[in-house]
Every structure is written in C-alpha cells, then in structure tokens.
1. Between Met50 and Arg198, what is the spin-label point distance in nm, taking each point 7 Å from the Cα along the Cα→C-beta axis?
2. At a Förster distance of 45 Å, what's the computed FRET efficiency of Asn217 paired with Val113, Cβ-Cβ distance as r, to 0.05?
3. With a 1.4 Å probe and all protein chains kept in place, how do Ile490, Ile144 rank by accessible area, largest first?
4. How much net charge surrounds Pro409 when only other residues with a Cβ under 12 Å from its Cβ are counted (Lys, Arg +1; Asp, Glu -1)?
5. Could you give the length gained on full extension between Glu484 and Asn228, defined as 0.36 nm per residue of separation minus the Cα-Cα distance, in nm?
6. Pull up all non-local amide H partners of Asn87: gap of 5 or more, or a different chain, and H-to-H distance under 5 Å with H placed in the peptide plane.
7. From the phi angles alone, apply the Karplus equation (6.51, -1.76, 1.60; θ = phi - 60°) to region 400-411 and give each ³J(HN,Hα) in whole Hz, x where the residue is Gly or Pro.
8. Taking a ≥ b ≥ c as the square roots of the eigenvalues of the Cα gyration tensor of region 20-167, is the shape rounded (a/c under 1.5), prolate (a/b larger than b/c) or oblate?
Amino acid sequence: MKYIFVTGGVVSSLGKGLTAGALGALLEQRGLKVRLQKFDPYLNVDPGTMSPFQHGEVYVLDDGAETDLDLGHYERFTSGKLSRLNNLTSGKVYETVLKKERRGDYLGATVQVIPHVTNEIKQRIYDGAGDDVDVLITELGGTIGDIEGLPFLEAMRQFALEVGRQDVLFLHCTLLPYLKAAGELKTKPSQQSVAKLREIGIQCDILVCRTEQPMTNEMRQKLSLFCNVPVKAVIEECDVETSIYELPLALKAEDLDDLVIEHLQLDAPDNDMKVWHDVVRRLKAPSHKVEIGVVGKYIELQDAYKSVYESITHAGIANDAAVRIVRLDAEEIEKDPKKHLGTLDGILIPGGFGDRGTEGKIAAAKYARENGIPYFGLCLGMQIAVIEYARNVTGLEDANSTEFNAQTPHPVIDIMADQKELTTKGGNMRLGACPCQLMTDSFSYHAYGKELIDERHRHRFEFNNDYREQLEKSGLRVAGINPERNLVEIVEIPDHPWFVGVQFHPEFKSKPNAAHPLFANFIAAALKYKK
Ligand code: GLN
C-alpha cells in the first residue's frame with residue numbers, strides 16, 4: 001500500500017480536488033488500483049446539513065453518505081467506488097472520540113488532541129484504503145495555516161513516520177499570483193506555505209503550482225531551492241483551456257505520474273492515456289450545438305449543481321455536441337416563461353429544497369410540456385413535473401407538494417405515512433442507492449437498455465400513490481417503480497418528444513467517458529428538437 005497526501009496553500013479554491021482526481025486518473029491509467037478520499041477540517045459531522053450557498057452541492061454515494069463535492073470529482077476521474085469511510089470531517093472525528101470517552105474506552109486517560117484525535121484520523125487513513133487498493137490519495141480540505149486543519153496534518157506526519165517515508169508522498173498545491181504592475185509571477189507565497197508545512201514536520205515531495213502564465217526555468221529553480229524539492233518535482237498547473245478533463249493530460253505533460261511512481265517505487269508501465277485524449281478531442285471539436293436551460297434557485301453559484309453541469313457536459317461528449325448551459329433563475333421565469341425559455345433546445349430542473357422559485361419551475365415544466373421541448377426533471381424536478389401535470393392536465397386544482405403547501409387539497413407529493421412523525425429537517429431522508437424497475441415501453445428503458453437499475457437518492461418527499469391511478473388515467477406514465485416499496489421513481493409523458501422526471505439523482509453516476517444514459521438521451525432529444 002502506498003499513500004499520497006494532497007494539501008493546499010496560499011488560497012482556497014485552488015482546485016486541489018481536481019488535481020487529486022486527475023492524479024488518480026493518471027495512476028489508474030498506469031494499471032494501479034486507486035482510491036481517493038477527503039478530510040474536511042470543519043465541525044459539521046457531514047456536509048448534509050450545509051446550504052449550497054456555503055458548500056456547493058452535497059454529493060451522495062451509493063451507501064447513502066452525504067459527502068463533499070470533491071468526491072464527485074474523484075468518482076468522475078477514477079473508477080474506484082467510494083464509501084462513507086472516504087469523507088471525514090473534524091465533527092465526525094470528535095463525535096467518535098467523545099462517544100468512546102463516554103463509554104469509558106480510554107480507561108481513565110485524559111483525552112487529548114494528540115494522541116486520541118490524531119489516532120482516530122490515522123485509523124481512517126488505514127480504513128479508507130480497504131484491501132484491494134494500491135494507492136490511497138487523501139486530500140485535506142482548507143489551506144495550510146488554518147487552525148482547524150492542524151490535527152489532520154499532525155496525523156499525516158505521524159502516519160508517514162509509522163509506515164515509512166518510502167510509502168508516503170506529500171503533494172502540496174499552491175498559487176503563483178501574477179502581479180500586473182511588476183509583470184511577473186510571484187513565488188514568495190508558495191515559499192511561505194511550504195515553510196509553514198515544514199514547521200509541523202512535513203516536507204512536501206512535489207509542489208504543484210497553479211498559475212495563469214507559464215513559469216520560467218528560473219522560477220522553477222527558485223521554487224526548488226527555497227521549497228527544498230528537486231527541480232523536476234516543481235509542477236506547473238496552468239489554467240486549462242476548455243475543460244477540467246484536460247487536466248490529467250496537462251499533468252502528464254509535466255511527468256507528474258513518473259515522479260509519483262518513482263518516489264513510491266511502484267511498478268507500473270507507462271500508458272498513452274488514450275481514454276483521456278479521446279475525451280478531450282471530442283470536447284474540443286464537436287460537430288453539433290445545443291442550448292439547455294437549467295432552471296434553479298442557486299443559479300449564480302458555480303458549485304451548487306456541479307454534478308448536473310458535469311453530467312450535461314458528458315452527455316455532450318457522447319453526442320458529439322457542444323452544450324451551452326443557460327442558467328435560469330426560477331423566480332424570473334414565472335413572469336414570462338416564453339421570454340426565457342423560447343429559444344432553448346431542452347429544459348432541465350435539478351434537485352432542491354424549500355418553496356422559493358417553485359412556481360417558476362412549474363411554469364417551466366408547463367412550457368416544456370406544451371411546446372414539446374425535451375424536459376428532464378431531477379428529484380425536485382420530477383416532483384415539479386407531477387404537480388404541473390396534476391394541476392393543468394388532470395385538473396386537480398391547487399395540487400402541490402406538502403413541502404410547499406401543507407394545506408393543499410391535492411397533496412400529489414407528500415411525506416410517506418411511515419415517515420411523518422419524524423422531523424422534516426435532517427434525519428429522515430431516503431438516501432443512497434435504491435433499485436428501480438423500468439417499464440419496457442418508456443423513454444427510460446430505451447436509455448438504459450435494461451429493466452432493473454439502481455440510482456442514488458436524497459429526498460424526503462415522494463409521489464403520493466393515492467393519486468397514481470388518477471394521474472395515469474389522465475396520461476402520465478409511471479415508467480419506473482421501486483419494487484421493494486412500491487414507490488414511483490420515474491414519470492414520463494408518452495405523447496411528448498422526451499419528457500422524463502426521476503425521483504433520484506442520476507447526475508451522481510455520470511463520467512466523462514461514460515455519460516449517464518438518461519443525460520445522453522436527453523441531449524440526443526434536444527439535438528433532434530433543434531432540427
Ligand atoms: N425537496 C424535495 C424532497 O425533499 C426534493 C429533494 C431533492 O431534490 N433532492 O423530497
């Protein structure tokens with residue numbers, strides 16, 4: 001087993017997660033079994049309770065873990081399956097330690113950050129790997145110098161001492177700011193960040209420098225000298241031109257994989273990276289073009305619908321098409337749907353919570369249904385489609401979800417009876433992978449090409465089966481059912497070019513070289529609509 005620790009300095013939002021993911025992709029291409037994980041120093045036990053404004057999207061795993069969005073990058077860049085063991089927060093560490101303390105597990109000892117908290121973190125480095133992995137990459141969230149990150153760094157230092165320095169590699173990412181007035185890139189912040197690491201006893205082996213401009217040889221030498229890493233271990237990470245999926249190739253061009261393999265004394269033959277060359281080639285020279293509107297509430301945030309945007313890009317690659325994503329604020333649409341939606345080739349409504357913007361989303365679903373524009377509803381987007389259909393086709397006046405109107409006369413979306421006594425905040429969501437049986441005569445079956453699928457969930461409300469017969473009679477197609485609990489998972493409108501709403505989150509299972517079948521078919525339908 002070999003271990004790589006990825007840390008970051010100078011500023012946050014450096015794209016450490018992408019760098020870690022891309023390194024994973026490089027090593028996987030060389031035949032190694034790779035797993036990635038994230039340590040987050042904040043005190044929430046997991047990001048499940050955090051608003052998208054705070055922390056971007058919550059990424060859900062098969063086992064139902066609500067995790068940091070970097071795990072999404074890890075799953076998109078590598079094939080390794082992740083579990084709840086692969087995302088650890090300070091909150092979780094302290095929760096575990098305090099439970100042990102209350103149980104008396106520490107036999108009267110004074111419980112301290114060192115060794116009790118650091119031991120817990122070290123254990124998670126061992127556990128995170130599992131048995132079938134060659135290299136475990138652990139990324140530490142935050143920036144060097146943050147107080148709350150210290151126990152994690154200390155644990156990493158101890159870990160390297162424990163397993164031996166030959167099996168551990170420290171990779172540090174920094175920024176080289178460009179000073180316009182001086183007309184040059186600056187290395188001092190990187191030097192200081194590396195010095196800060198050394199203060200706690202960690203000497204990085206590789207320095208990855210984010211920069212808007214290429215470095216000169218002189219700068220590489222300077223960084224090498226001051227940061228105490230060989231010149232060839234100073235890696236330039238220039239901003240990529242079109243897509244994050246260029247990153248593995250960009251890092252390969254800097255020989256990052258050779259460096260890692262040499263340092264960790266791994267036996268892994270070189271690879272031509274054909275898979276990634278193919279992805280990038282198709283991304284850069286698409287034959288077609290479509291415009292997809294994403295109607296949401298967190299439209300101004302870059303990260304709130306991360307996996308949705310990525311999945312749309314993957315579907316573009318699969319269809320040889322450039323997809324322009326038009327981000328639309330649901331509240332704006334309500335006033336004049338045609339103005340905002342009239343020129344689009346497809347409309348997608350992603351997941352969400354709370355009632356702000358729902359009427360605008362309902363208006364968007366109506367516009368898509370009436371005008372034959374391909375529609376894809378994810379989780380909340382499916383519930384919106386059901387509400388719209390119930391109101392405007394089935395004739396159930398004021399139909400709604402009890403999430404938005406507890407007094408609605410027609411609760412077509414509701415909390416399951418057995419869940420009602422639980423609180424509506426936290427704790428009672430349907431989370432993680434659930435099976436779904438598809439109706440063979442459906443858009444969905446056509447996409448998947450098989451009858452039994454499983455997809456990841458994160459929601460509290462469900463399609464209300466009391467209304468199923470009525471809605472079906474008025475033409476709504478129930479195309480997928482959870483066979484264990486008889487829950488409606490997919491609705492479709494049959495006499496429409498492509499109208500699909502899914503209760504799950506397909507965006508968590510799409511990859512750049514293997515687009516999710518529903519996303520791929522949605523974009524294919526949009527291309528057809530355009531013609
Ligand atoms: N708010 C809805 C529910 O809780 C949808 C959740 C979602 O889109 N993830 O059921």
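The values are calculated or read from the model by the stated rules, or taken from the named source; none is laboratory data. None of the values given here were measured: they were computed from a predicted structure. Using ideal geometry, Cβ is built from the backbone for each residue, glycine included, and neighbour counts are taken over all protein chains shown. Calculation scope for accessible area: heavy atoms of the full protein, side chains included, ligands and nucleic acids excluded. Shrake-Rupley method; radii C 1.70, N 1.55, O 1.52, S 1.80 Å.
1. Placing both labels 7 Å along Cα→Cβ, they lie 3.2 nm apart.
2. Using R0 = 45 Å, I get an efficiency of 0.55.
3. Solvent-accessible surface, decreasing: Ile144, Ile490.
4. -1
5. Here the answer is 86.3 nm.
6. Amide H neighbours of Asn87: Lys38.
7. 7, 9, 5, 5, 9, 8, 5, 9, 4, x, 10, x
8. oblate
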